[in-house]
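Here's the structure, in C-alpha cells; my notes come after.
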Amino acid sequence: MSESFKQVFYKKSSQKLLLIFLAIYFLLNVFQAYFTGLHADEAYYWVYSQFLDWGYFDHPPMVAIFIKFGHAIIQNTLGVRLLTISTHILSIYVLWIVVKKYTDNLKAFIILFSAVLMFQVYAFTTTPDAPLFFFSVLFLYSYQIYVKEDKLKWALLLGLICAALLFSKYHGLLLIFFVLISNLKLFTRRSFYVTIILACVLFSPHIYWQYAHGYPSLYYHLIDRSASPYESEYTWMYFVNQLLMMGPLVGWLFFYYGYQLKAKEDLFLRSLKFVTYGFFIFFFISTFKGEVQAQWPLIEYIALFILGCVYVGQNPRLFSKFKWLFGANIFLILLARVVLMGIIPDTKKLPFVVDFHGYDVWAKQIEKVADGHPVLFLDGFQKASYYNYYTQTLNGVAYNSFYYRRTQYDLWPLEEQIQHQKVLLVEPGEKQKNNQQNIETIKGVYHSIWLDSVRFYPKINFEPVDFTKEWKPNEVKEISFIMSNPYGHAVNFSDAHEKWTCSFLYGFLKDGEVFSVQEVEKNLIPMELTAKAKKTVKLKIKAPAKAGNYKLFLSVKTAPFRGTRNSKMMSIKVNP
C-alpha cells in the first residue's frame, strides 16, 4: 500500500470517526436537554429573552439572544438549550481544526475533550458561559490564522468575534487582553486597528445601555458582589475547583501537560500560555475579594485543553499510560449526566440534582392558588423566574429588599404593572398568621397571603452629592442626595388614601451583614415626585457607634415589606 493511499485512507477514517463522535454527542445533549429541567439561572435568562435589550443588570445580552432564537423554534427546555447544543458541536469541530495543526491524533482529542467536566456542563445548559465558550473557540481559531496571515478579512472577522465575546460575558475581555500582551507586535499591524475599531463600534450600544442605566453591571460585579468578608475557603476551594472542572480524576494531568509543553517561537501556543496563567492568577487574586465560581475561568480551561492535546500529540507514550484513568473519568461524567436527568428513582433528591427538577409541578401548584393574579416572591430572582418560565407568563415578580441585592427584576417594568393591584405573596415555610394560607407543593410547604393594592418603588434612586467618607462614632451629618424618579408617572409617597404606609430608611452594611436600620425624618422627603423628576434633599444620617469600615444605603419601605435598595452602597469610615 503506497504512502499517499495510506494518508487518504487515514484521513477518511478520521473524518468518519469525528462525525460519529459529533453525532453521538449531539444526540446525548439533545436527550439531556429535553429530560433535564431548567436551572434557576436558565429560567432567569429566559425572562431576559422576553425583554430583549442591549444589556442587563448581571450580564450582556447574548444569552438572551441564544434563548430567544431556540425557544422560538421549540417551546420547551430543549428550545431554551437548542442554540447551546448546536454551537457546542460546532465548537468541537473548530477546536479540532485548531489542534490538528499540531497533531492528527483524533482519538486522543476525543478522549481529552470528553474528560473535561466543565465542557460537559455547557454542552446543554444555557447561561452566558455557553456563548462565551463558542465565541472563545472562534476567537482562538481566528487568531491562530491571523497571527500568520496579516489580511484584512481575518482582521474583520477577529473584530466581529471580539464584539460577540464581549456581548456574551465580560470575561471575554480578559481573553482579548492576555492574547494581546502575549504578542504586542500586533499593534504594528495596520489591519489590527480595523479589528479594534470594528469591535468598539459593534459593542458601543451596550456601553451606552450601561451609561443610561447608571452602570449597574459594573457596580454589581466590582462592588456589590464582593461585599462579604474574606474566608479562607474561597481560596482553597478555588484550587480544588480548578482540578475538578478539568476532570475529577485527570485535572492534574491537564495542568501537568500544559506546564510541560514548550511554546518556543510559536506565537499561538505562547498566547495560550498567557491565557492559562493570566486567568489562573487573575481569579486567584479575586478569591481575596469574594467567592470565585467554578465556571468563571472557563476560557482558561479551553486554553489548557488545547495545550494538553498538543502535548499528548508530542508524547503519545506518556498519554497511553493514563488512558485507563481518562476512561474512568469519562465514566464518572456520564454517570453524573444520567443522574442529572432524574430518570433513576430517588436521584432527584441529590443536592446537585434537586434544582433541575420539580419546579414545573411547583409552578402549576402555585398558579392554581393565584388564579390568574400576579405572584410576588421575596429576595431573589430564582423562584420568580421558575414561576414565569413554567407558567409561560410574566406574572411572577421579585421583590428584593436591602437584605438581598438588586437584580434585573428591579429594572424590568414587571413591578410597575402590578402597582395598586391585588397580588399573592408567596414564601417558603408553614404559615405563621391566621390570614395566611399553606400551599402544599412538590418542593415542600409554602405559605401565601393576599395583598390588596400593593405598592413598592425599587427604581426610586438616591445619589449622594459631595459625600464625605470620614465620620466619627455617633456623628450626625446632613447629607445632600439627588432623589430621582425614573418612572413615566408621578410617584406619591403619602399615606393618604393608601392601605399600606410608606417610609424612608437608612442603614449600614458591615462584613456583609445589615444592621442599624433607622427611619429618616419624613418631613425631609417630598411626598410626591412627578414623572422623570429629580429633587435635591438633605437627610440627617447618624454614624454607627463603633469604629470601622461600613457601607451606607437608603431604602424606600412600603408596608408590609422590609424596604428595597434605593441607593448604591456608599463606603464610609468611622474613626475612633
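Structure values in brief
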quantity: T393-M527 pseudo-label distance in nm [points 7 Å out on the Cα-to-Cβ vector]; calculated: 3.6 nm
quantity: Cut-off under 5 Å, modelled amide H: who pairs with I572 long-range; calculated: Y550, K551, L552
quantity: Label point distance in nm, F239-S503, each placed 7 Å from Cα along Cα→Cβ; calculated: 5.0 nm
quantity: For the chain, the Rg and Dmax computed from alpha carbons only, in angstrom; calculated: 26.7, 96
quantity: Using a Förster distance of 45 Å, the FRET efficiency for Q365-K185 (Cβ separation, nearest 0.05); calculated: 0.15
quantity: Local electrostatic count at N566 - Lys and Arg +1, Asp and Glu -1, tallied over other residues with Cβ under 11 Å; calculated: +3
quantity: For the stretch 458-576: Kirkwood Rh in Å [reciprocal of mean 1/r, alpha carbons]; calculated: 14.9 Å
quantity: Taking M245, M569, M527 and counting other C-beta atoms within 10 Å, the order from fewest to most; calculated: M527, M569, M245
quantity: Charge dipole (debye, nearest 20) of the chain; +1 at Cβ of Lys and Arg, -1 at Cβ of Asp and Glu; calculated: 1520 debye
quantity: Relative exposure of V537, V99, V423, judged by other C-beta atoms within 10 Å (fewest first); calculated: V537, V423, V99
quantity: Computed [θ] at 222 nm, deg cm²/dmol, the chain (DSSP H ≥ 4; -39,500 (n - 2.57); rounded to nearest 500); calculated: -16000 deg cm²/dmol
quantity: Long-range amide H partners of I439 with built H, under 5 Å; calculated: Y446, H447, S448
quantity: Burial order of peptide ranges 554-564, 369-379, 295-305, 406-416 (average beta-carbon count within 10 Å, highest first); calculated: 295-305, 554-564, 406-416, 369-379
quantity: R0 of 60 Å, Cβ-Cβ distance Y230-K12: FRET efficiency to nearest 0.05; calculated: 0.60
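Throughout, read-outs are computed from the coordinates displayed, never taken from laboratory work. Treat the numbers as computed from the prediction; the structure is a model and nothing was measured. Positions of Cβ are generated from backbone atoms using ideal geometry, with glycine treated the same way; all protein chains shown enter the neighbour counts.
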